[in-house]
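Here's the structure we're looking at; comments come further down.
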């Protein structure tokens with residue numbers, strides 16, 4: 001039983017259900033190029049349809065900044081949504097509040113679906129405006145949030161609307177929250193977190209939170225260079241936030257006090273340029289030439305991480321470990337990601353991953369399906 005309300009606790013048959021989703025999907029020439037976010041709302045959407053709810057879809061798209069931008073209309077998603085629900089018709093309203101929305105809602109029958117126009121065409125959405133939330137609430141009888149990737153936003157359709165109607169989590173939201181509870185609130189121990197990315201400054205809150213919860217914290221990507229620099233290791237021409245050295249030392253000290261073991265690179269793959277197939281060398285991190293860049297963790301470090309992971313029961317992945325988009329600097333990310341997937345498939349590891357680059361890294365390694373839960377929501381997960 002979840003510690004939060006789900007659609008299991010809502011009566012939806014014959015009722016107008018405002019279903020907040022994230023349809024901010026990649027588009028090119030008016031066509032959806034990646035339907036992942038549509039696919040992931042289907043369990044909730046189809047369940048509500050089959051229960052006879054009158055489903056009203058709410059979503060944002062892009063950053064129109066409170067103005068009507070035709071190129072950011074959700075009208076182009078009607079056909080992909082209809083196809084995704086087995087060819088059932090999906091109606092569309094040219095506004096998300098007001099007469100156009102009200103008339104479209106009034107036409108809905110049980111089991112039918114209506115998509116409202118982009119919420120962000122109104123400034124009240126991002127301002128969390130009470131009047132805008134009131135107007136949305138008038139359209140429905142119950143509210144279901146299945147937009148985990150937008151759930152950290154204090155926007156009207158996420159925050160204020162949920163306070164005005166009986167509210168519940170959809171199946172996607174439920175799954176995300178339950179996996180995060182398993183990983184962070186009451187995890188099977190030992191617990192490892194792998195954190196990558198370019199800069200410490202963008203993940204200060206995350207790092208501060210993780211060192212209180214993790215047994216092992218692996219630092220990779222560009223931010224590992226900053227930690228090495230802070231500990232007196234010369235990192236050559238590598239990406240490095242020199243001004244964050246004191247902060248990095250503070251994180252290491254706080255981790256030690258909390259009993260969290262911080263794992264930094266012992267060897268690295270270095271090159272003069274970031275280019276596919278560029279000449280590279282594998283060196284100790286203490287031997288990086290002044291004119292070379294660290295672009296990936298070395299094989300000794302990758303193997304060390306894999307061995308440490310084998311002794312863990314829970315993994316939170318927010319990698320990648322190197323410049324995985326450009327071979328050969330994807331080796332460490334691939335090695336560690338595949339080790340995590342193997343341990344997960346074997347039943348010894350519960351693995352949670354999330355964020356744009358981390359998920360892309362797992363896809364690059366071919367192991368997205370090998371993790372317990374993979375979220376495309378970066379900001380919300382953090």
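The values are calculated or read from the model by the stated rules, or taken from the named source; none is laboratory data. Only a predicted model underlies this, so the values are computations on that prediction, with no experimental measurement involved. All Cβ positions, even for glycine, are placed from backbone atoms using ideal geometry, and neighbour counts span all protein chains on display.
So for the stretch 294-304 (the condition being in the same structural domain as residue 348 (by TED's automatic domain parsing), farther than 26 Å from residue 215 by Cα and surrounded by 15 or more Cβ atoms within 10 Å (Cβ to Cβ)), does at least one residue qualify?
Yes; the residues of the stretch 294-304 include at least one that is in the same structural domain as residue 348 (by TED's automatic domain parsing), farther than 26 Å from residue 215 by Cα and surrounded by 15 or more Cβ atoms within 10 Å (Cβ to Cβ).
Hey, residue 209 hits all of (1) at pLDDT below 90; (2) part of a loop (DSSP other than H, G, I, E, B); (3) surrounded by fewer than 17 Cβ atoms within 10 Å (Cβ to Cβ) but one; which does it fall short on?
It fails just one condition, (2).
Restricting to the stretch 323-343, count the residues that are part of a helix (DSSP H, G or I) and buried (at least 18 other Cβ atoms within 10 Å of the Cβ).
11
For residues in the stretch 12-48 being more than 24 Å from the chain's Cα centre (by Cα) and at pLDDT below 95, which is surrounded by the most Cβ atoms within 10 Å (Cβ to Cβ)?
Per the stated criteria, the residue is 30.
What number goes with the only condition from (1) in contact with a strand residue (DSSP E or B) (Cβ under 9 Å, 6 or more places away or on another chain); (2) in a helix (DSSP H, G or I); (3) without any contact (Cβ under 8 Å) to a residue 60 or more places away in the chain that residue 41 does not pass?
Among (1) in contact with a strand residue (DSSP E or B) (Cβ under 9 Å, 6 or more places away or on another chain); (2) in a helix (DSSP H, G or I); (3) without any contact (Cβ under 8 Å) to a residue 60 or more places away in the chain, residue 41 violates only (3).
If I filter the stretch 84-103 for residues that are in contact (Cβ under 8 Å) with a residue 60 or more places away in the chain and under 27 Å from residue 9 (Cα atoms), do I get at least one hit?
no
Is it true that some residue in the stretch 247-257 is part of a loop (DSSP other than H, G, I, E, B), under 27 Å from the mean Cα position of the chain (by Cα) and over 15 Å from residue 297 (Cα atoms)? Don't jump to the end; show me each part of the working.
Step one: list which residues in the stretch 247-257 are part of a loop (DSSP other than H, G, I, E, B), which gives none.
Checking the stretch 247-257: not a single residue is part of a loop (DSSP other than H, G, I, E, B), under 27 Å from the mean Cα position of the chain (by Cα) and over 15 Å from residue 297 (Cα atoms).
Is it the case that residue 200 is in a loop (DSSP other than H, G, I, E, B), surrounded by 21 or more Cβ atoms within 10 Å (Cβ to Cβ) and under 25 Å from the mean Cα position of the chain (by Cα)?
Against the criterion (in a loop (DSSP other than H, G, I, E, B), surrounded by 21 or more Cβ atoms within 10 Å (Cβ to Cβ) and under 25 Å from the mean Cα position of the chain (by Cα)), residue 200 qualifies.
Output the residues belonging to the stretch 4-38 that are assigned to a loop (DSSP other than H, G, I, E, B) and more than 22 Å from residue 354 (Cα to Cα).
We begin by selecting, within the stretch 4-38, every residue assigned to a loop (DSSP other than H, G, I, E, B); these are 4-5, 10-15, 21-26, 29-30, 33-35.
Answer for the stretch 4-38, where residues must be assigned to a loop (DSSP other than H, G, I, E, B) and more than 22 Å from residue 354 (Cα to Cα): 5, 10, 11, 12, 13, 14, 15, 29, 30.
Give 59, 82 a once-over and let me know the one that is buried (at least 17 other Cβ atoms within 10 Å of the Cβ) and touching a strand residue (DSSP E or B) at 6+ places or on another chain (Cβ under 9 Å).
Numbers: 82 fails: buried (at least 17 other Cβ atoms within 10 Å of the Cβ).
Only one candidate passes the filter, namely 59.
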